[in-house]
Amino acid sequence: MLYHSKASENNSTTRAGTAIMVRKGTNITFKAISDRICQMKTKISNNYTINLINAYAPTLHVSEDNPEIRDQFYDELESVIRCVSNRDYLIVTGDFNAKTGSAWTAYQENMGKYGKGELNSNGKELLEMCSRQKLVLTNTLFRHKMAHRATWESPASNADKDRRNPYRNQIDYVITRTRQQHTVLDSRSQNGLMTFTDHRLVRAKLNLRKLHVKTQNKKTNIDIERLHDPETRARYAVNVEMKVMDAEYNWEKERAMNTQELWDTIVKANHQAANEVIAKQPNKKTVDNSIQKLSHEQKKIYNTINTTSNTERRNVLKRERNKILNRIHEEMSETKKRKIEREIEEIERRKDDSNRMYTAMKNIQRMKKKVPLVVEDQDGITTDPAKQAEIVTQFFQKMFTSEEAKELEDIPPKKMQKSFSEEEVRRAVNSLKNNTSAGIDDIHAEHLKNGPSIVLSKIAEILNLIAETGEYPKEIKTGILVPLQKPGKRKGPPANFRPVILLSLLRKILAICLIKRIGDKIDREVPVTQAAYRAGRGTTEQLLTIKLLAEKAATTPNS
């Protein structure tokens, strides 16, 4: 079904308006804004609406001869975009007759590296609009061959026999909000369509399921350091104990909990107690008074620009606003610089206190912009997190799985002669390192170290039930794979990642308890030359041995 924005009756040009085509029977609301802009809305769920705007901008020749036509077009387009709800999924498409290819360094938030052509005045106007409205040109984000970046081919190039390739430009775009950019899986021009036009279709692949990711299950930040306070620690322990006891009391009386249910009870009790006792209070961002004042000034000018029809006056106001925006950026950079300097001073001052020094270093790391993960396979680079996870997981599964490996003997479950005790679990928990990342259960060592004894006895019960029944919580065999880019290696190939697995706390406790029990026997079997994974020994010892041998060799005269 074609929904058409007809040309106005008094329009003397040959423009026939803009249109949007949708599958017949789709429930939409269509609005013809003008012969250059039309709009369509359709619901995709109870919570989300797609708002699609199709636009046709004046050509470069028209824009430069009559700048007021271009200004009128962008004023109209921006007023439509501003009326779109922040909850709606916004897509702006169309022929913008704008080249933006060389502007990536100046507009990194609004376009990718893979544009084509030199920035022209139409392109600058488009990017300025994207900057104001926080939009991004999606078909400049993905690395494709030049034929799939170009969206227009000059018919005149067929007559130019000296040219090997035709004249091509990228002037049509699919645009969305920068905060919705993660939903775009790919965006490129499409060749091979039999249409009577010198333009190419621009196609974007979207994963609209990702819209829900940002709004559901918002995680509460926990301040583990508050457990250093004795009073807070006591309140936390009592809170956890009460929740575990309540869960036991309310459990079905006809049967006991299995291992998974026991562990789920412990995890839930710790999470709830942490949220109630040691949850971080939301930080209120304090903005410098001078920055706040400048911000109010630029907003005032911005509102004046939107209500001014005089082109000369608008340009003067725009230049004035840009000067204020530059001052704001400079002030913010200075503020950030001063903050970093304070953190560095804190690190210098806390060299004797490793915990506080580590915290200060983490604060500095947070100020750095996160580098996006780059993963590629035989089909090229992918930005879809689900696809990235699949590629990396399959690579390391294949690497660590040998087809020649012998299958381990299947040992039937059996009740242990010497059961795991609460004291044994306590020693294992106390040996865990603090300030480490949590596994799939999202439980930190500090939770259990500062928790009640009932939790440790329940963990001992879980370990004994695993041996007796053969049933175990899923967290025992599940870890979070974190691929870290190897320094100096090319980004993309999975082989250039260093795999780190974040294990659950239950898995760590089980491993420590088992190693403690069989450690003496292993020490008797392992040669004395091995220092790794042995109590009181390690890499430092081996390096010292090499250093002493090298010194002895260097100082001993030749015999």
Flag if residue 338 is modelled with pLDDT of 85 or more, basic (Lys, Arg) and out of contact with any Pro (no Cβ under 9 Å at 6 or more places or on another chain)
no
Flag for residue 542 being over 30 Å from residue 456 (Cβ atoms) and assigned to a loop (DSSP other than H, G, I, E, B)
no
Where in the stretch 1-107 are the strands (runs of 3 or more DSSP E), entirely inside, with at least 3 residues that are of a type in the set (A, V, I, L, M)?
18-21, 49-56, 89-95
From the list 320, 312, 346, 297, which one is assigned to a helix (DSSP H, G or I) and free of Cβ contacts under 8 Å to residues at least 12 places away in the same chain?
312
Does residue 123 qualify as being more than 23 Å from the chain's Cα centre (by Cα), without any contact (Cβ under 8 Å) to a residue 60 or more places away in the chain, farther than 26 Å from residue 492 by Cα and surrounded by 15 or more Cβ atoms within 10 Å (Cβ to Cβ)?
yes
All-but-one check, residue 370 against (1) surrounded by 11 or more Cβ atoms within 10 Å (Cβ to Cβ); (2) modelled with pLDDT under 70; (3) within 26 Å of the chain's Cα centre (by Cα), failing number (1)
When the residues of the stretch 451-483 are filtered to those that are surrounded by fewer than 19 Cβ atoms within 10 Å (Cβ to Cβ) and not in a helix (DSSP H, G or I), which remaining residue is nearest to the chain's Cα centre (by Cα)?
482
Residues in the stretch 304-322: is at least one within 30 Å of residue 434 (Cα to Cα) and either modelled with pLDDT under 90 or of a type outside the set (A, V, I, L, M) (or both)?
no
Of the residues in the stretch 153-174 that are part of a strand (DSSP E or B) and at pLDDT 85 or above, the one that is nearest to residue 102 (Cα to Cα) is 169
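The values are calculated or read from the model by the stated rules, or taken from the named source; none is laboratory data. Since this is a predicted model, take the numbers as computed values, not measurements. Every residue, glycine among them, receives a Cβ derived from its backbone with ideal geometry; neighbour counts consider all protein chains shown.
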